[in-house]
Amino acid sequence: MPAEKSTNFIRARRLIGLFFAATMGLASPMATAAEINLDAPAPTFPPEIAKFQAIEPGSAEGLTIGFTQLILGVPFPDALQAGMEKAAETAGFKLVTCDSKLDAATALNCARQFKTQNVDGLVTFQADAAAAANICAEGPQVPVIAIDIEQKPCETAFVGAANSYAGEIVGHELGMHFAKNFNCEYDAFVSLESTAVGVVNDQRMGGIRKAFEAVCGPVQNLRIIDTGAGGQADAAQRQFTDTLTALPGATKVITVGINEDVVIAALAAARTQGRNQDLYLGVQNFDPDNCQIWTASHFIATAAYFPERYAELSVPNLVKAIKGETINQQILVPHELITPENISKVYPEFACK
């Protein structure tokens, strides 16, 4: 069916639905026919998107690099850690890792330790953006690569998500799915966020809503849940349980999260109520081992972040900065949209069933 006829067909169906809803006395808060836009363009790469660079053997011989980790024992930081350790082995630098455990005070102590260890440069993955200025002041005055969360005023460069773009590609896919399959009708839009990470949260989660609205019109029945610094599963599960309980009879609950952990938590909360099939998922990042997401009844889309390759962006640029070379201030991940249809193509090792 041509695009114009397909759009007109969906609009006609939507008008019929509105008519029956009105005659039956039912409220219909969803997008009007005029708001559904199947012609909304897909998001385009921002200019700061970078290419992964192979680590050159011996390129950092004799250097010591401090690495403040977000929290170890969690898939995304663990993948990033493995990439950094592999880079250290190849490039020849000494890697000193300090786990902040999602705690600003611990991250401050990490910075103080690095100062005594005479590091040549820092890679900082620290959750509380508001604490960054104090941490910067206490740490060594060396080039700093901030990972995913801004660390101003001392960051030399930001390496991480193209947050608005990562959100927008997921939001666009969600919007198109609901436009094509449900005339943009849904019961609630639940956004699992982390306000502590500041602009990262605003761009990533705002990007999801912006692109969704470009297809389906203004978000209706929005429920925003703050899941704590960095997006924490326990806080997400507790609050999502309450939110889902307050939505009895809702069978189309769009559920988007700032990371995989909070989406896994939402699924766990839904499982206790026998309502996993009510969640339509928009995710950030892709860990092939998180099968509970990728095999869920209504996994729609995620933006791949490739944390296992972050070192290919951060290490070569940090080494340049240590040597006095100028580097770009924004070095962003080349995200890819992953859907159920292309999972195995983007990640050939994907084995969930």
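The values are calculated or read from the model by the stated rules, or taken from the named source; none is laboratory data. None of the values given here were measured: they were computed from a predicted structure. Cβ atoms come from the backbone with ideal geometry, glycine included; neighbour counts cover every protein chain shown. When the accessible area is computed, the model is the full protein with side chains, heavy atoms only, and any ligands, DNA or RNA have been set aside. Shrake-Rupley method; radii C 1.70, N 1.55, O 1.52, S 1.80 Å.
Summary of values
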{"item": "Distance between modelled label sites at Asn134 and Lys345, nm, 7 Å Cα→Cβ extension", "result": "4.9 nm"}
{"item": "Fraction of accessible area attributable to carbon and sulfur, the chain (%, probe 1.4 Å)", "result": "52 percent"}
{"item": "Distance from segment 248-327 to segment 174-200 (C-alpha centre basis), Å", "result": "14 Å"}
{"item": "Accessible surface, per residue, of segment 98-225 when the full set of protein chains is kept, probe 1.4 Å, Å²", "result": "34 Å²"}
{"item": "1.4 Å probe accessible area per residue over segment 231-309, in Å²", "result": "33 Å²"}
{"item": "Residues whose placed amide H lies under 5 Å from that of Gln330, excluding near-sequence neighbours", "result": "Phe158"}
{"item": "Low-density loop positions, GluC sites (Glu not before Pro), segment 123-187 - DSSP coil, at most 13 other Cβ in 10 Å", "result": "none"}
{"item": "Protection proxy ranking, peptides 186-194, 274-282, 254-262, average beta carbon neighbours within 10 Å, highest first", "result": "254-262, 186-194, 274-282"}
{"item": "Computed over the chain, the ratio Rg/Rh where both radii use C-alpha atoms and Rh is Kirkwood", "result": "1.02"}
{"item": "By accessible area with a 1.4 Å probe, ligands and nucleic acids excluded, highest first: order of Phe45, Phe286", "result": "Phe45, Phe286"}
